[in-house]
1. Stokes-Einstein D for the range 62-212 at 10 °C, 1.306 mPa s, Kirkwood Rh over Cα pairs, in µm²/s?
2. FRET efficiency for S35 and T345, Cβ-Cβ distance as r, R0 = 45 Å, nearest 0.05?
3. Of all the accessible heavy-atom surface of the range 176-353, with the other protein chains kept in place and a 1.4 Å probe, what percent is carbon and sulfur?
4. Under the Kirkwood approximation applied to all pairs of distinct alpha-carbon atoms, what is the hydrodynamic radius of the chain in Å?
5. Distance between Cα centroids, the range 117-139 to the range 222-281: provide it in whole Å.
6. What is the dipole size for the range 2-173, taken about its Cα centre, with +1 at each Lys and Arg Cβ and -1 at each Asp and Glu Cβ, in debye to the nearest 20?
7. When the helices in the chain are scored as -39500 (n - 2.57) per DSSP H run of 4 or longer and the sum is shared across all residues, what 222 nm value do you end up with, to the nearest 500 deg cm²/dmol?
8. What is the spin-label model distance, in nm, from R96 to Q281 if the labels are put 7 Å beyond Cα along the C-beta direction?
Amino acid sequence: MVKVAVNLPAKQYDVQIENGLLATIGELVQRVWQSRQVALISDTNVAPLYQAKVSQQLSEQGFQIHEYVVPAGEVSKAWPVAADLATKMAADHFTRSDGVIALGGGVVGDLAGFVASTYMRGISFIQIPTSLLAQVDSSVGGKTAIDLGEAKNIIGTFYQPDAVFIDPETLATLSDRYVAEGYAEIVKTAALDSTDFWALIEQINSVDDIRRYATQLSQRSVGYKARIVMGDEKEAGQRQLLNFGHTMGHAIELLAHGKLAHGEAVSIGMVHLMKVFEDLQLTQPGLTDQIANRLQAVGLPLDSKLLGTAEFYEKIKNDKKNKHGKLNLVYLKKIGQPEIYSIPTDQVKSFFNEEVTF
């Protein structure tokens, strides 16, 4: 089993990665928690595949399981769904001594984490991510969130789990499209991290390759994110680097109204941003094509008609990560050398329209 330790001032936990891990999930949870009531939260896609199996194993270890299922998709990251879960937990007499387990992808992890962090001012929480995106990114780091209308992740908390359990075999039931979606975050992380991690990325030329190398990809991605989070838990400094591709990506993801998955939008955002900085001669020549090639190899999109529209710039200007009238754009000077370029939010449109010609 591969373990990545996350050691923070107020919390220490392990991310454990192993093929077939779900076959012993009851024993693994029992090593972290004493017997208690557990809200096992999943969605309509994942629950039919794994919830009964996980529930049975937890029950055999003395846990009292309550299975809750929410609709699959971003629609569940909303006040009414969070409130409904909290209401059900209250009716089932959950106390501060009980816990929440997220079994699913990024939406379930964000939602369940938010409920755990706010129910009775916070109860124990464990992540069992089943999508590649959640396994390599969103399950680690302690961010929880729900959406408010079209404002993505606008209401949330920093709330670390007690453990994260990753079984790469769950990718066998994930569609090729969503395996590729998660891989966009891996390309992002490798580009930020090092030429060594990038050398592994250069071996990935298909979705089947992603599944084949899933354990290594998760270990490297989680390891990098853990190091960043341990140095900056609440995004006051270097954790901003993880936003590479996300400022542009979030804007077009919102404007696509569900037609673009998160990782697909991030893929487009990374390429779009790197074109800008390469034309400004602030990055290594050819780096944009190098990144685009790795994304395109697994079928990820590189462009969108939503880029450059008035609505696109408005979304960027109103991004929740803007601070004190400034927008921090993360780009790469070269692989493994990220930089932050700050511009006034009222100059966003002129920066992209006037400084660079597409």
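The values are calculated or read from the model by the stated rules, or taken from the named source; none is laboratory data. What you see is a predicted model, and the numbers here were worked out from it, not measured in a lab. As a convention, Cβ positions derive from the backbone with ideal geometry for all residues, glycine included, and neighbour counts pool all protein chains shown. In case anyone asks, the SASA skips ligands and DNA or RNA and just uses the protein heavy atoms, side chains included. Shrake-Rupley method; radii C 1.70, N 1.55, O 1.52, S 1.80 Å.
1. Value of D from the Cα-based Kirkwood radius: 97 µm²/s.
2. 0.30
3. Details: 3300 of 7390 Å².
Carbon and sulfur: 45 percent of the exposed surface of the range 176-353.
4. For the chain, inverting the mean 1/r across all distinct Cα pairs yields 20.7 Å.
5. That distance is 20 Å.
6. 440 debye
7. Counting only the DSSP helices, I get -12500 deg cm²/dmol.
8. 6.2 nm
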